[in-house]
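The values are calculated or read from the model by the stated rules, or taken from the named source; none is laboratory data. As the structure is a prediction and not an experimental result, all values here were calculated from the model. For neighbour counting, all protein chains shown are included, and Cβ atoms are generated from backbone atoms with ideal geometry for every residue, glycine included.
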Amino acid sequence: MQAIVVTDQAAGRPGMQLVERPEPEVAINDVIVEVHASAMTGDELSWPSTWTDRAGRDRTPSIPGHELAGIVTAIGYGTTGLSVGQRVFGLTDWYRDGTLAEYVAVEARNLAPLPADVDFTDGAALVMPGLTAWQGLFDHGRLRAGQTVLVHGAAGVVGSMAAQLARAAGAYVIGTGRASGRQAALDFGAQEYVDLEKDKLQDVGNVDLVFDIFGGDIANQSTGLIKPGGTLVTIAGPIDGRPANGSVIDFVVVADPNQLNEVVQRFREGRLRTNTGNISSLRDAVATYNSAQVSGKTILRVRP
């Protein structure tokens, strides 16, 4: 099969190559998925799991990408809940070869059924942003109707999903980002917008929840905005600051089929939009990932 591989962490994206690789073999509790669409997270090539296994041993050449939509072609012994020929989408394990390939081996528990009326490219685009936003807002942030949430990067891939979900849940949404992202953030559900290059973040006032993707100084400043009992959730790793009477939670997204079902149902009903940029073929993927980035998530259409 054809797949994108990386072998040299220092080379970054320019080190990606399209090569022939053996098709994966099905194992206990696994399924093989014929990949129709997939995606890679922007900073994935900096993750240790891209380069080593759980014991710290080198596992290159490795195949990046952990978001996919496709069709089940084989089922391993002991695997339940899925069937050959079924349309699925989901998030694969960080420490295994990923989805920038024609086939991938995935634990069945990481996949959810993809409805027939949802295109594979949309399915792949929903996975990581949808799960991250859902878990940050509802699992860790305990967001409730009537609360105020500050969404950093509200015009971005994850932030735009968080803004939509928070608004639909009855929250008042304040988005942040660069001036160029203002209209996109408002279109995705933010009711106010803070230009982080010009406006003072402190002028926002107190909020119940901060959804952070930046970390660093922006996250530290944001801790001062948290109401008593409120929460700052971040996907940028641990931060130094702490709210006076609130909490900080940094988390890593996990696969959850039930949450994928919730996200895709909202998409089908028109209550949720993807934030998709380039759509590339697998053949052109290396050039696409190394070209100037456009707004939105790059999706690979592995099969026509």
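For segment 1-40, the set of residues classified as in contact with a Lys or Arg (Cβ under 9 Å, 6 or more places away or on another chain) and β-branched (Val, Ile, Thr) consists of VAL5, VAL6, VAL35, listed by residue number.
Hey, does segment 5-21 have a residue that's more than 25 Å from GLY78 (Cβ to Cβ) and among the basic types (Lys, Arg)? Steps first, please.
Here is the first cut: in segment 5-21, the residues more than 25 Å from GLY78 (Cβ to Cβ) are 5-21.
If we keep only those that are among the basic types (Lys, Arg) too, we end up with 13, 21.
Yes: one or more hits.
The residue that is nearest to VAL6 (Cα to Cα), counting only those in segment 99-153 that are among the aromatic types (Phe, Trp, Tyr) and either surrounded by 19 or more Cβ atoms within 10 Å (Cβ to Cβ) or more than 19 Å from the chain's Cα centre (by Cα) (or both), is TYR103.
From the list ALA244, ALA287, ALA292, the lone residue that is out of contact with any Phe, Trp or Tyr (no Cβ under 6 Å at 6 or more places or on another chain), assigned to a loop (DSSP other than H, G, I, E, B), without any contact (Cβ under 8 Å) to a residue 60 or more places away in the chain and not assigned by TED's automatic domain parsing to the domain that holds SER180 is ALA292.
On the stretch given as segment 1-20, residues that are assigned to a strand (DSSP E or B) and small (Gly, Ala, Ser) total 1.
Among residues of segment 78-98 being touching a residue at least 60 places away in the same chain (Cβ under 8 Å) and in a strand (DSSP E or B), the one that is farthest from the chain's Cα centre (by Cα) is PHE89.
Condition (residue is in contact (Cβ under 8 Å) with a residue 60 or more places away in the chain, closer than 21 Å to SER180 by Cα and either charged (D, E, K, R) or assigned by TED's automatic domain parsing to the domain that holds ASP43 (or both)) applied to segment 261-270: is it met by at least one residue? No, segment 261-270 contains no residue that is in contact (Cβ under 8 Å) with a residue 60 or more places away in the chain, closer than 21 Å to SER180 by Cα and either charged (D, E, K, R) or assigned by TED's automatic domain parsing to the domain that holds ASP43 (or both).
In segment 126-172, the qualifying residues are those that are of a type in the set (Val, Ile, Thr) and either assigned to a helix (DSSP H, G or I) or touching a Pro at 6+ places or on another chain (Cβ under 6 Å) (or both), and the one that is nearest to GLU67 (Cα to Cα) is VAL127.
Listed by first and then second residue, the pairs linking a residue in segment 1-17 that is in contact (Cβ under 8 Å) with a residue 24 or more places away in the chain and of a type in the set (Lys, Arg) to a residue that is surrounded by 13 or more Cβ atoms within 10 Å (Cβ to Cβ) and not in a strand (DSSP E or B), with Cβ atoms under 7 Å apart and 6 or more places separating them unless they lie on different chains, are ARG13/LEU45; ARG13/TYR289; ARG13/ASN290. One residue stands out in segment 22-55 among those that are touching a Pro at 6+ places or on another chain (Cβ under 8 Å) and outside any helix (DSSP H, G or I): the one that is modelled with the highest pLDDT, namely ILE32.
The rows are residues; the columns are (1) surrounded by 12 or more Cβ atoms within 10 Å (Cβ to Cβ); (2) modelled with pLDDT under 95; (3) more than 21 Å from the chain's Cα centre (by Cα).
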{"site": "ASP212", "(1), (2), (3)": "yes, no, no"}
{"site": "ILE226", "(1), (2), (3)": "yes, no, yes"}
{"site": "ALA244", "(1), (2), (3)": "no, yes, yes"}
{"site": "VAL254", "(1), (2), (3)": "yes, no, no"}
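Out of GLY85, GLY56, GLY81, one residue alone is among the small types (Gly, Ala, Ser) and closer than 23 Å to LEU131 by Cα. It is GLY81.
Filter segment 72-84 down to residues that are surrounded by fewer than 18 Cβ atoms within 10 Å (Cβ to Cβ) and either of a type in the set (Val, Ile, Thr) or within 17 Å of PRO304 (Cα to Cα) (or both), then give me how many there are. Steps first, please.
Taking segment 72-84 first, the residues surrounded by fewer than 18 Cβ atoms within 10 Å (Cβ to Cβ) are 73-74, 76-78, 80-81, 83-84.
From the residues that got through so far, the ones that are either of a type in the set (Val, Ile, Thr) or within 17 Å of PRO304 (Cα to Cα) (or both) too are 73, 80, 84.
Adding up the residues that qualify gives 3.
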